[in-house]
Each structure stands twice: as structure tokens, then as C-alpha cells.
1. Go through segment 48-79 and give me each residue that's in a loop (DSSP other than H, G, I, E, B), more than 24 Å from VAL211 (Cβ to Cβ) and among the hydrophobic types (A, V, I, L, M, F, W, C).
2. Do we have any residue at all in segment 19-34 that's under 23 Å from ILE157 (Cβ atoms) and either touching a His at 6+ places or on another chain (Cβ under 8 Å) or at pLDDT 95 or above (or both)?
3. Kindly provide the set of residues from segment 13-47 that are over 17 Å from LEU162 (Cβ atoms), assigned to a strand (DSSP E or B) and either among the aliphatic types (A, V, I, L, M) or away from ligand 1 (no atom under 14 Å from the Cβ) (or both), ordered by number.
4. Can you find a residue in segment 140-151 that is under 27 Å from ASN10 (Cβ atoms) and in a helix (DSSP H, G or I)?
5. Working carefully through the options LEU59, LEU77, LEU118, find the one that is within 16 Å of ligand 2 (Cβ to nearest atom) and hydrophobic (A, V, I, L, M, F, W, C).
6. Condition check: crowded, with 18+ Cβ neighbours inside 10 Å, over 23 Å from the mean Cα position of the chain (by Cα), in contact (Cβ under 8 Å) with a residue 40 or more places away in the chain and away from ligand 2 (no atom under 16 Å from the Cβ). Does LEU104 satisfy that?
Amino acid sequence: MEDIPAVQINHLVKEFPSPFRKTKIRAVDDVSLTIMPGEVYGLIGPNGSGKSTTMKALLGLLRPTAGSCYVFGKNSLKTDSRQEIGFLPENPYFYKHLSGEETLRFYAKLCGMRGKALNNHVDKMLEMVSLQDARKRRVGGYSKGMLQRIGLAQALIHEPRLIILDEPTAGVDPVGSREIRDLIVQLKDKGVTVFLCSHLLEQVQEVCDHVGIIFNGKIVKAGPLEDLIAIEDQTEILIKDAGPRTLARIKAVIADSENADFISMGKPRTTLERLFLDEAKKSNATTMTADQKGGDRA
Ligand SMILES: Nc1ncnc2c1ncn2[C@@H]1O[C@H](COP(=O)(O)OP(=O)(O)OP(=O)(O)O)[C@@H](O)[C@H]1O
Ligand SMILES: [Mg+2]
């Protein structure tokens with residue numbers, strides 16, 4: 001059973017008609033990726049690179065122009081593939097007049113829960129996303145961070161085996177986004193498969209064990225995080241309060257040495273950030289981003 005991938009995307013292509021031109025916008029261009037059960041996979045890419053479109057195709061919300069998507073072996077175009085999935089969209093929408101508790105009760109009822117089991121489950125979910133104190137307040141008055149958290153609780157209400165998170169920490173302050181990341185780690189510990197997308201590289205680096213980098217609808221790099229960010233033959237030295245003279249002397253020492261070569265000096269960056277920026281540079285040298293091409297939403 002565990003050999004069946006949680007997510008299998010095969011040569012996915014998604015084109016949208018362009019409103020002003022005859023040509024089509026190719027939002028996703030031959031994307032293939034596999035996520036095994038229990039993995040936390042982060043899809044990273046700039047605005048308009050095709051992250052949300054890939055997720056929507058996987059959810060069966062968009063029909064692929066070509067290629068196919070499977071969730072635990074079931075084709076995404078079949079309704080039953082969605083039973084195992086929880087989804088937090090880019091901008092979750094809720095009924096403003098319901099309280100947080102009523103919102104979750106509503107979704108729990110939709111999933112067939114009733115009576116005491118429903119009450120207990122809603123309590124558990126509110127506690128998990130730390131919204132117990134705000135349970136009676138109208139969702140219309142929730143802050144962005146609270147909305148993301150009620151959205152997460154809603155996505156998890158039926159205890160799915162796969163959770164798809166489109167920018168889970170977008171617009172959330174550092175404390176709130178830390179809580180969301182902790183929650184993702186808890187889900188991973190429970191064996192839930194997580195597929196998230198983001199451009200917050202440091203956060204992706206912290207929670208994901210597999211990463212794919214997408215530019216202009218194409219995956220340009222993918223694999224286990226450790227393999228992607230390891231640079232075997234390089235050494236990083238972190239120095240506090242080094243003045244220009246010290247830095248010049250360090251450079252001179254390196255220049256004097258027989259084997260070592262100086263590569264770069266600067267403020268520390270996360271390794272994933274460096275990888276991402278290198279890929280962006282390569283990608284921009286050959287093509288413009290989808291947004292620059294005028295790929296506006298219809
Ligand atoms: N329904 C649509 N109709 C037309 N074009 C669309 C539609 N949805 C997406 N696109 C275009 O497809 C491309 C990819 O969009 P997508 O939303 O997948 O990007 P994204 O990586 O999620 O970006 P962001 O980081 O801004 O959320 C963009 O050029 C976008 O304008
Ligand atoms: Mg998006």
C-alpha cells in the first residue's frame with residue numbers, strides 16, 4: 001500500500017486562453033513529480049510560475065490540457081480521489097457571519113459527523129490551531145493569521161492523508177507562521193503527506209524534506225532537500241563584526257593558499273535561497289517570466 005505515491009503528476013500541461021492574443025498562456029509546462037506517503041514536498045517558484053495551477057490540477061479543479069495527476073493511485077478527474085485530500089487555497093473564503101466554531105461544525109457535518117463525535121472533533125481542531133479563545137467570534141472579524149488557521153482546521157477536519165497548502169503562511173506574522181510551521185511538522189510526525197507551495201524559502205527549507213523549483217511552468221530542479229543544498233567542496237565561515245581590513249586579510253590568505261579559491265563574500269543567505277536565486281538567474285537569461293509575458297488571469 002505504502003508503495004503507491006501520495007501524489008503522482010505525469011507530464012502535466014495546462015494552457016489558458018489569452019484574452020488579447022491568439023496564443024495561449026502555458027501556465028504549467030510538462031511538470032512531473034512524485035510525492036511518497038509521509039513526505040513534505042515544497043514547490044517553490046516566483047509569482048505566476050504555475051504553482052497554484054499545478055495544485056488545482058491535482059485537486060481536479062482544473063482539467064489538464066495534457067498529462068495526468070493521481071492521488072493515492074486515483075485519477076484527479078475522478079471525484080473519489082478528493083476524499084483523501086485536505087486543501088488550503090491561496091485566499092480561503094469563509095461565511096463571514098459564522099463564528100470559527102460554527103464554520104468548523106459546518107464542514108464537519110458536510111463530512112458526515114454528528115452528535116458528540118462532532119463536538120469533540122471540533123474542539124480538538126480548534127485547540128490544534130489555537131483558536132479556542134476566538135471560537136465564538138465571527139470569522140468576518142478574524143485577522144489574516146486567524147483566517148489561515150481556521151482554513152487549516154477546515155482542511156484537516158476529515159483527517160485527510162494528504163494535505164495541499166497553497167502559500168500557508170502568506171500574510172501571516174512571524175509568530176503565526178511559526179505556529180503553522182509547527183503544525184506542519186506535527187502533521188508529518190503523524191504520517192500525513194504535505195504538498196505545499198511558497199516563495200518563503202527559509203520556511204520551506206525548515207519544514208520540507210523534498211523540494212521542486214518551478215519557473216515559467218517548468219520544474220528546473222527537484223529532489224531531496226539535503227541533496228539539493230549540499231555543496232561538498234565548499235566551506236562557509238560566519239564572522240561577526242568583521243571590518244574591511246579583516247576581510248581583505250582573509251581574502252589575501254585565501255589568495256596565498258595553493259588549493260583554495262575565493263568564491264564570494266556577503267551577508268549569510270540560506271542555502272535554499274542561494275540555489276533558488278541561481279536558478280532564477282539561469283531561467284531569466286533564457287526566458288521572461290510568465291507574468292512579464294502578459295499572462296493575466298481571465
Ligand atoms: N484561470 C486562469 N486564466 C488565465 N490565466 C491563468 C489562470 N490561472 C492562472 N493563469 C496564469 O497562469 C500562470 C500561472 O499562474 P499560477 O496562479 O499557477 O501561478 P503561481 O505560481 O501560483 O503564482 P503566485 O505566486 O502569484 O500565486 C500565470 O501567468 C497566470 O496569470
Ligand atoms: Mg499561487
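1. Within segment 48-79, LEU77 is the sole residue that qualifies.
2. Kept after step one, since they are under 23 Å from ILE157 (Cβ atoms), are these residues of segment 19-34: none.
Among the residues of segment 19-34, not one is under 23 Å from ILE157 (Cβ atoms) and either touching a His at 6+ places or on another chain (Cβ under 8 Å) or at pLDDT 95 or above (or both), which makes the answer no.
3. So the first thing to find is which residues in segment 13-47 are over 17 Å from LEU162 (Cβ atoms), and the list is 13-32, 44-47.
Filter once more, keeping what is assigned to a strand (DSSP E or B): 13-17, 24-32, 44.
Across segment 13-47, the qualifying residues are VAL13, ILE25, ALA27, VAL28, ASP30, VAL31, SER32, ILE44.
4. Taking every residue of segment 140-151 in turn, none turns out to be under 27 Å from ASN10 (Cβ atoms) and in a helix (DSSP H, G or I).
5. Step by step, each of LEU59, LEU77, LEU118 is checked, and only LEU59 is within 16 Å of ligand 2 (Cβ to nearest atom) and hydrophobic (A, V, I, L, M, F, W, C).
6. So LEU104 fits the description; yes.
Residue by residue, here is whether (1) modelled with pLDDT of 95 or more; (2) closer than 22 Å to VAL172 by Cβ; (3) surrounded by fewer than 19 Cβ atoms within 10 Å (Cβ to Cβ); (4) under 24 Å from the mean Cα position of the chain (by Cα) holds:
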| position | (1), (2), (3), (4) |
| --- | --- |
| ASN10 | yes, no, yes, yes |
| MET55 | yes, yes, no, yes |
| THR65 | yes, no, yes, yes |
| ARG82 | no, no, yes, yes |
| PRO89 | no, yes, yes, yes |
| GLY115 | no, no, yes, no |
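Conditions tested, residue by residue: (1) among the aromatic types (Phe, Trp, Tyr); (2) out of contact with any Leu (no Cβ under 7 Å at 6 or more places or on another chain); (3) crowded, with 16+ Cβ neighbours inside 10 Å; (4) under 23 Å from LYS281 (Cβ atoms).
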| site | (1), (2), (3), (4) |
| --- | --- |
| ARG181 | no, yes, yes, no |
| GLN186 | no, yes, no, no |
| THR193 | no, no, yes, no |
| LEU200 | no, yes, yes, yes |
| GLU206 | no, yes, yes, no |
| VAL211 | no, no, yes, yes |
| ASN216 | no, yes, yes, yes |
| ALA230 | no, yes, no, yes |
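The values are calculated or read from the model by the stated rules, or taken from the named source; none is laboratory data. Everything numeric here is computed off the predicted structure, so don't read it as measured data. Virtual Cβ from ideal backbone geometry, glycine too; neighbours counted across all protein chains shown.
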